[in-house]
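Quick notes on the structure that follows.
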Amino acid sequence: ETAAILDLARFGPVLWAATSGGLRVVNGVELDVGDPPSSQFFDLALGADGRVWVASVPNDRVGLPQGLFELDGTRWRVHDRQTGLESNTVVAAAADPVTGLTWAGTWGSGLAVLDNEGRWHSFDESNSALRGILKPAAPSFVVVPDIVPDAQGHVWATNLQRGVVVFRGFPSPQSLLLDAEHFGLGSTPGFGPLAIEPERGLKWIGSDQGVAVLDDGGTPFQPADDRVHLIRGLEEPRLTSDAITALAVSQDILWIGTAGGLHRVTYRYDVAIGLQLRNWRSYRLEHGLESASITAIALDDLGNAWVGTEEGITQISFTGAVVHTFMTGNSGLVDDRVTSVRYDAATGGLWIGTFGGLSRLQITTRQDAESGTVALVFPNPFDPVG
């Protein structure tokens, strides 16, 4: 019998485990939740059914690729070559709330999607608009750094050095590549993070040449009517670096993460006047961050931004004030090197992936979380007195 471990407490020699199946006593026995083979938790995705999906590496140079990890609330499952993936080098994950499908981006083998029967299907340069890298020239080496489904059932994916590809339909999806020239960028841009504004559906695309803003007019497969705007250091000196590492957007507020700091930008967008950047606020060490190297950004439904860095995760309020930085020394964060952050609106919980494990912080009250803070820590076993 298996049960989700929700919290741990030690009273004298007795270790108590609060689980989804009740309260249990564990003495001299390892608690087993079927940990994945790695403690590095990179890109996170949350399914509508409560499942957590984790990409095991950020690229093909950091960490040992172990595929895609799935937490179903009770146990972990690993998806890799043995279960049907083309590659273990999974760098991005997305759960589509419209179709219920799970998508995985890889470093070199394109895009994969898990159907409702548990089978993986692959898309690359041979059967989709995805394309291989240009420098060095490798037509079959297809890199997908980020994936975001939109509210209309489309799936958007950044394609390293090539552009952005939009998919619609399954199992034989229509796909279209919007290339670097479409966005007004130079050759072989390092396309990376992607965010979609929930209000109007604007696409915000990060690269090593700044941020591209795409208004597709609600017609993703008719690029002739697209409107594109750029935010980059050449025109916007307040942007500390054109190398964009993280993006988040909601309610006319854009958060831009770079290796040299964080930016909070309020904006106005109108088809007639285009994009107007109104207020710009930057955050670095002197503004309250513990590290200026931004790795991830998540927004909760109270308007707070949760900013992952190399030195913990920082909460910034809806007014833009730095509230607190959670680190291993002042919280239950399992490792200070944060790699990914996702907010679960259904439970009010924040999932935090790090180089040393996965943490969950309860930040708002929900019906199923009224009994108090729920703490999950991986890898397991976890020593609560260590």
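The values are calculated or read from the model by the stated rules, or taken from the named source; none is laboratory data. Since we're looking at a predicted model, the values are computed, not measured. Reconstructed Cβ throughout: ideal geometry from the backbone, glycine too, with neighbour counts over all protein chains shown. Surface areas here come from the heavy atoms of the whole protein model, side chains and all, with no ligands, DNA or RNA. Shrake-Rupley method; radii C 1.70, N 1.55, O 1.52, S 1.80 Å.
What to note about this one:
- Residues of the stretch 157-178 classified as modelled with pLDDT under 95 and open to solvent by 30 Å² or more (accessible area, probe 1.4 Å), total: 4
- Condition met for Arg281 (among the charged types (D, E, K, R), at pLDDT 95 or above and either within 15 Å of the chain's Cα centre (by Cα) or closer than 20 Å to Ser207 by Cβ (or both)): no
- Residue match in the stretch 141-151 (condition: open to solvent by 60 Å² or more (accessible area, probe 1.4 Å), over 20 Å from Pro189 (Cβ atoms) and not hydrophobic (A, V, I, L, M, F, W, C)): no
- Scanning the stretch 88-100 for residues that are assigned to a loop (DSSP other than H, G, I, E, B) and either without any contact (Cβ under 8 Å) to a residue 12 or more places away in the chain or open to solvent by 10 Å² or more (accessible area, probe 1.4 Å) (or both) gives Asn88, Thr89, Pro97, Val98, Thr99, Gly100.
- Residues that are of a type in the set (Val, Ile, Thr) and at pLDDT below 95, drawn from the stretch 220-271: Thr240, Val271
- Selection of the stretch 179-231 for residues being without any contact (Cβ under 8 Å) to a residue 24 or more places away in the chain, polar (S, T, N, Q) and either open to solvent by 40 Å² or more (accessible area, probe 1.4 Å) or within 22 Å of Ile133 (Cβ to Cβ) (or both) yields only Gln222.
- Qualifying positions in the stretch 45-79 - open to solvent by less than 30 Å² (accessible area, probe 1.4 Å), under 21 Å from Gly110 (Cα atoms) and not β-branched (Val, Ile, Thr): Ala45, Trp53, Ala55, Ser56, Asn59, Gly67, Leu68, Phe69, Glu70, His79
- Only one entry in Thr240, Thr188 is within 15 Å of Gly163 (Cβ to Cβ), in a loop (DSSP other than H, G, I, E, B) and of a type in the set (Val, Ile, Thr), namely Thr188.
- Failed criterion for Gly312 (all others in (1) in contact with a strand residue (DSSP E or B) (Cβ under 8 Å, 6 or more places away or on another chain); (2) under 25 Å from Val148 (Cβ atoms); (3) touching a residue at least 24 places away in the same chain (Cβ under 8 Å) hold): (2)
- Sole exception among (1) assigned to a loop (DSSP other than H, G, I, E, B); (2) closer than 25 Å to Thr89 by Cβ; (3) without any contact (Cβ under 8 Å) to a residue 60 or more places away in the chain for Phe170, by number: (3)
- Test for Thr347: is it open to solvent by 30 Å² or more (accessible area, probe 1.4 Å) and farther than 23 Å from Leu202 by Cβ: no
- Condition met for His154 (in contact (Cβ under 8 Å) with a residue 60 or more places away in the chain and either open to solvent by 20 Å² or more (accessible area, probe 1.4 Å) or under 25 Å from Val213 (Cβ atoms) (or both)): yes
- Selection of the stretch 252-295 for residues being open to solvent by less than 30 Å² (accessible area, probe 1.4 Å) and either basic (Lys, Arg) or farther than 19 Å from Gly210 by Cβ (or both) yields Leu289, Ser291.
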